[in-house]
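Written below as structure tokens is the structure these notes are about.
Any read-out appearing in this document is the output of simple, stated calculations on the displayed coordinates, not a laboratory observation. Since the structure is predicted, the reported quantities are computational estimates derived from the model, not experimental observations. Here the Cβ positions follow ideal geometry from the backbone for every residue, glycine too, while neighbour counts run over all protein chains shown.
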Amino acid sequence: MTYAHQVLNELKEKYAHETFFLQAAQEVLESLQPLLDKNPHYERLRILERIVEPERMISFRVQWVDDKGQVQVNRGYRVQYNSAIGPYKGGLRFHPSVNPGVLKFLGFEQIFKNSLSGLAIGGGKGGSDFDPKGKSDMEVMRFCQAFMTELYRHVGATVDVPAGDIGVGGREIGYLFGQYKKLTQRYEGVLTGKNLLFGGSLVRTEATGYGAVYFAQAMLEARGESLEGKTCAVSGAGNVAIYCCEKLLQIGAKPVTVSDSRGMVHDAAGIKVDVLKQVKETERASLARYAELVPTARYTPTTEYPKGRNAVWDVPCYAAFPCATQNELALDDAKTLLANGCKCVAEGANMPSTLDAVHAFITAGIAYGPGKAANAGGVSTSQLEMAQNASMQSWTFDVVDSKLRQIMYNIHKIAAATATEFGQPGNLVLGANIAGFRKVASAMEAQGV
Ligand code: NDP
């Protein structure tokens, strides 16, 4: 049995209930085997056993009072996964599905993504099973204050720097930052994704969606192809999806779908980003509202989706951008996309494709950019925010945007070159995993046990 499989089996025994974490671990560890074969000392140093275990898992009670005066209790977490190459960095997710296994999958992915970005940041993730949906502004504020009242002792500008993720946007980051400042009396870059008024960076809001498009462009340019004039399917309707659509429109491509947890919109005339922003960012409404406002749009609720399928992937497209959540694109969806002529998949979300869907894309030889490479624009721009905070500077939109684009092209270059080095040109899963892993493993080796 290979070293990677031996460690995977141990994980499966120990963490049988953490299915998302096991899925993420399997994808990474299996693709590392060619590197492990060339470096047998990793086994002697037990690098895999060490890298799959978080350095620290913090879990805490969050108690707060709702608008009716009732006491509410949620669970809060921070997984400080790996600090070999820099302070922990990774988002906070507020969603009822959050549990330690979900955060371990996200934190584990984050280690390699952050390493691949070329920046000095370690991997972490956190969040709560709190559901911001349907809560008033004041309830969200009280929750964020209660959450930070526990978290503040574990984070700091050079220790651990959280950002947003599902359910955590500019509003939540603002309330979290306010509470951190109040508790510590420190005005520092402890969070990224901040408002521009108090240390935020231009382009951070747009970064993950823009970055996924830049990554797709890099993959396609390497094949002599382009997104210009092409129809694209996007899933999700949150931060990543909105700015993915915006960038696609700017470069002359045509996004025709978006989706949320209640349904999807197909707008053959092209998604109207201003309306999407109004519906999702201002009104915080469901996508049914988009279809009310845009006559060319057709709305399908999830209850009318074909059984077990995500209807977004039934829309014929040249490129697909899954930007909602994990495992939203399964094998049948991958087969449909490929049968309809899809040539490019760039993942804005984390682990949106199941393992067999990933396998189908790689086998078909299309341009496939896994999340840890294609959505690294968010964390990379967060690091640019940290750099601006530390040097007390504010860079212009164009400066940050061009740095983001450069970072995405560099990530593609490193992942592609590593895939070729290990005899699998075009396999960016293998390339991204090995390139991300080897830097962290070398740092762990140099720092001793
Ligand atoms: P948002 O909360 O802004 O948006 C999430 C979107 O996905 C919403 O439209 C939401 O619908 C939909 N969604 C969430 N869960 C489900 C589900 N179970 N089924 C169907 N739809 C769902 O989050 P982000 O846009 O920030 O994050 C999206 C993805 O991108 C996540 O995988 C995240 O980890 C990843 N990511 C985000 C980064 C960032 O900078 N924000 C950076 C890198 C990766 P609804 O509103 O109805 O819940």
The aspartates and glutamates whose Cα lies under 16 Å from the Cα of LYS182, excluding any fewer than 8 residues away in the same chain, are GLU150, GLU172
Restricting to lysines and to Cα separations under 24 Å from LYS230, and discarding same-chain partners fewer than 8 apart, the set is LYS247, LYS254, LYS272, LYS277, LYS335, LYS343, LYS413
With x for Gly and Pro, the residue-by-residue ³J(HN,Hα) of region 296-305, computed from phi through the Karplus equation 6.51 cos²θ - 1.76 cosθ + 1.60 at θ = phi - 60° and given in whole Hz, is 7, 8, 10, 9, 10, x, 4, 5, 9, 5
Measuring from its Cα centre, the chain shows a charge dipole (+1 at each Lys and Arg Cβ, -1 at each Asp and Glu Cβ) which, in debye to the nearest 20, is 640 debye
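For a quick protection proxy, order the peptides 58-70, 152-164 by their average other-Cβ count within 10 Å, most packed first. Numbers along the way, then the final one.
Working: 58-70: 13.2, 152-164: 19.7.
Final packing ranking: 152-164, 58-70.
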So ARG298 and GLU228, fully extended at 0.36 nm per residue minus their Cα-Cα distance, gain in nm 22.8 nm
If amide H atoms are modeled at 1.01 Å from N in the peptide plane, then the residues at a separation of 5 or more from ALA237, or on another chain, having amide H under 5 Å from its own are SER259
Computed from every Cα-Cα pair in region 54-187, P(r) in 10 Å bins starting at 0 and rounded to whole percents is 13, 46, 33, 8, 1
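Would you kindly state how much longer the chain becomes between GLN23 and ALA288 on full extension, computed as 0.36 nm times their sequence separation minus their alpha carbon distance, in nm to one decimal?
Numbers: separation 265, 0.36 × 265 = 95.40 nm, distance 3.31 nm.
Once the chain is fully extended between GLN23 and ALA288, it gains 92.1 nm.
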Eigenvalues of the alpha-carbon gyration tensor of region 207-374, times 5 and square-rooted, give semi-axes in Å, largest first, of 23, 18, 14
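Between ASN9 and GLU445, take the C-beta separation as r, use R0 = 35 Å, and let me know the FRET efficiency to the nearest 0.05. The partial results should precede the final answer.
Details: r = 24 Å, r/R0 = 0.68.
So the FRET efficiency works out to roughly 0.90.
Determine one quarter of the surface area of the Cα convex hull of the chain, which equals its mean projected area, and express it in nm² to one decimal. Working shown, then result.
On the way: hull surface 83.6 nm².
If I average the Cα hull's projected area over directions, I get 20.9 nm².
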Counting all Cα-Cα pairs in region 319-449, those more than 22 Å apart amount in percent to 46 percent
At the level of C-alpha centres, the distance separating region 228-267 and region 50-64, in angstrom, is 34 Å
Here, VAL73 and ARG186, labelled 7 Å along Cα→Cβ, have an inter-label distance in nm of 3.1 nm
